[in-house]
Amino acid sequence: MVEFTEILGEALGRFEETKWLLPVPIIMTLMDYGKVIGVLNFEGTHFGIRFPLPEPAPTLWSFVSLPANASGLTFSAQGLMVMALFILLGSYLEAGYLGSIRDAVRIVEGSFLDNAKRDFFEFLQFNLMLYAVMVVLIIPLMAMPFMFLLAFPALLVFLYAIYGTPFLISIHGLGFGDALGESINLAKMGGEYLDYALKYLALGALISVPLTFIVTNTGLPGLVVGLLLSAPLSLALSVATVLFFMGQMEHQ
């Protein structure tokens, strides 16, 4: 059984060594400008909840349930180009971010740029797979919204099965294919891998309710507050997940 609060407490204790990474989740949140604009232009009142699973670099949008007309998803040529740039730059930032957290936990010298360069291609493959699956699930929903009841649990199962992949790439130096296979094997076994995912999801959902209300209903001030709150939260959760894979998974 995973001592989630202990791991999170240890992650918070690493804040001084990792706080220089706080701009990364802020940058990645703002890069998804369609969601930024959607939230700023939203009129009305919105309540919602998200059920996040571990990510290499969670953003504000990992915890905010967006109104339907503020999702930022477009399939125009411009929208697809922006998505491609986001995947490329996001993969580079995630590789450097997670690698730098790994180095801080191990208390070794490291370079964000070296880590980003080392793992960029593996993270790119992971993110291409992730976005491809999400698009495959989302397109039918645009034509048949009632399919949500099937698509949502399917997406959760998929994200659960693969969430370990980027951490295994960064921590153990595995290639994308090997890391994906190992993540799926761990998901099948359940155990601590499942326990950690459920506790992470529960904490994320709890945080999601007030954060969604603040960000979607109070305009620019809410967005700023959301950025300031989500960046240290993202960092703590990423450090915690690195600690989990470096320590807890050795017991399986």
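Give the residue, chosen from SER230, SER208, SER238, that is of a type in the set (S, T, N, Q), on the phi < 0 side of the Ramachandran plot and touching a Lys or Arg at 6+ places or on another chain (Cβ under 8 Å). Lay out the reasoning, then the answer.
Values: SER230 fails: touching a Lys or Arg at 6+ places or on another chain (Cβ under 8 Å); SER238 fails: touching a Lys or Arg at 6+ places or on another chain (Cβ under 8 Å).
That would be SER208, the only listed residue that is of a type in the set (S, T, N, Q), on the phi < 0 side of the Ramachandran plot and touching a Lys or Arg at 6+ places or on another chain (Cβ under 8 Å).
Can you pull out the residues in region 196-222 that are open to solvent by less than 30 Å² (accessible area, probe 1.4 Å) and under 17 Å from PHE244 (Cα atoms)?
Those that are open to solvent by less than 30 Å² (accessible area, probe 1.4 Å) and under 17 Å from PHE244 (Cα atoms): TYR196, ALA197, TYR200, GLY204.
On the basis of being closer than 23 Å to LEU243 by Cβ and under 16 Å from the mean Cα position of the chain (by Cα), does GLY110 make the cut?
Answer is no for this residue.
Please go through region 165-216 and give me each residue that is basic (Lys, Arg) and in contact (Cβ under 8 Å) with a residue 40 or more places away in the chain, ordered by number.
Correct list: LYS199 only.
Quick check on MET246: is it over 19 Å from GLU10 (Cα atoms) and in contact (Cβ under 8 Å) with a residue 60 or more places away in the chain?
Here the answer is no, as MET246 does not meet what is asked.
Could you please find all residues in region 105-121 being among the basic types (Lys, Arg), at pLDDT 95 or above and either farther than 21 Å from LEU85 by Cβ or out of contact with any helix residue (DSSP H, G or I) (no Cβ under 9 Å at 6 or more places or on another chain) (or both)?
Answer for region 105-121, where residues must be among the basic types (Lys, Arg), at pLDDT 95 or above and either farther than 21 Å from LEU85 by Cβ or out of contact with any helix residue (DSSP H, G or I) (no Cβ under 9 Å at 6 or more places or on another chain) (or both): just ARG118.
Condition test on ALA68, is it under 19 Å from SER208 (Cβ atoms) and not polar (S, T, N, Q)?
Criteria met by ALA68.
Can you tell me which residue in region 228-243 is surrounded by the most Cβ atoms within 10 Å (Cβ to Cβ), limited to those that are more than 14 Å from LEU12 (Cβ to Cβ) and of a type outside the set (Gly, Ala, Ser)?
LEU229
Is it the case that GLY204 is more than 19 Å from the chain's Cα centre (by Cα) and either of a type in the set (Gly, Ala, Ser) or not in a helix (DSSP H, G or I) (or both)?
Numbers: more than 19 Å from the chain's Cα centre (by Cα): no; either of a type in the set (Gly, Ala, Ser) or not in a helix (DSSP H, G or I) (or both): yes.
It is false that GLY204 is more than 19 Å from the chain's Cα centre (by Cα) and either of a type in the set (Gly, Ala, Ser) or not in a helix (DSSP H, G or I) (or both).
Within region 53-61, does at least one residue satisfy the condition of being under 14 Å from the mean Cα position of the chain (by Cα) and among the aromatic types (Phe, Trp, Tyr)? Before you say what the answer is, go through the steps one by one.
As a first pass, look at region 53-61 and keep what is under 14 Å from the mean Cα position of the chain (by Cα): 53-61.
Filter once more, keeping what is among the aromatic types (Phe, Trp, Tyr): 61.
Checking region 53-61: at least one residue is under 14 Å from the mean Cα position of the chain (by Cα) and among the aromatic types (Phe, Trp, Tyr).
Here are some conditions: (1) more than 20 Å from the chain's Cα centre (by Cα); (2) open to solvent by less than 70 Å² (accessible area, probe 1.4 Å); (3) not basic (Lys, Arg). MET134 meets all but one. Which one does it not meet?
Unmet condition: (1).
Considering only residues of region 7-29 that are open to solvent by 80 Å² or more (accessible area, probe 1.4 Å) and either hydroxyl-bearing (Ser, Thr, Tyr) or free of Cβ contacts under 8 Å to residues at least 60 places away in the same chain (or both), which is farthest from LEU88 (Cα to Cα)?
Only one residue fits best here, namely GLU16.
Would you point out which residue out of LEU40, LEU66, LEU60, LEU124 is modelled with pLDDT under 95, touching a helix residue (DSSP H, G or I) at 6+ places or on another chain (Cβ under 9 Å) and surrounded by 18 or more Cβ atoms within 10 Å (Cβ to Cβ)?
That would be LEU66, the only listed residue that is modelled with pLDDT under 95, touching a helix residue (DSSP H, G or I) at 6+ places or on another chain (Cβ under 9 Å) and surrounded by 18 or more Cβ atoms within 10 Å (Cβ to Cβ).
Return only the number of the condition from (1) closer than 30 Å to GLY38 by Cα; (2) crowded, with 19+ Cβ neighbours inside 10 Å that VAL225 does not satisfy.
(2)
What pairs can you find where one residue is in region 109-130 and part of a helix (DSSP H, G or I), the other is surrounded by fewer than 17 Cβ atoms within 10 Å (Cβ to Cβ) and of a type in the set (D, E, K, R), and their Cβ atoms are less than 6 Å apart, with a gap of 6+ or different chains?
none
When the residues of region 139-155 are narrowed to those that are within 26 Å of SER91 (Cα to Cα) and over 18 Å from the mean Cα position of the chain (by Cα), which ends up modelled with the lowest pLDDT?
For region 139-155, the residue satisfying everything is ILE139.
The values are calculated or read from the model by the stated rules, or taken from the named source; none is laboratory data. Keep in mind that this is a model prediction, so the values were computed, not measured. Counting neighbours? That spans all protein chains shown, and the Cβs are built from the backbone with ideal geometry, glycine included. What goes into the accessible areas is simple: the full protein's heavy atoms, side chains included, and nothing from ligands, DNA or RNA. Shrake-Rupley method; radii C 1.70, N 1.55, O 1.52, S 1.80 Å.
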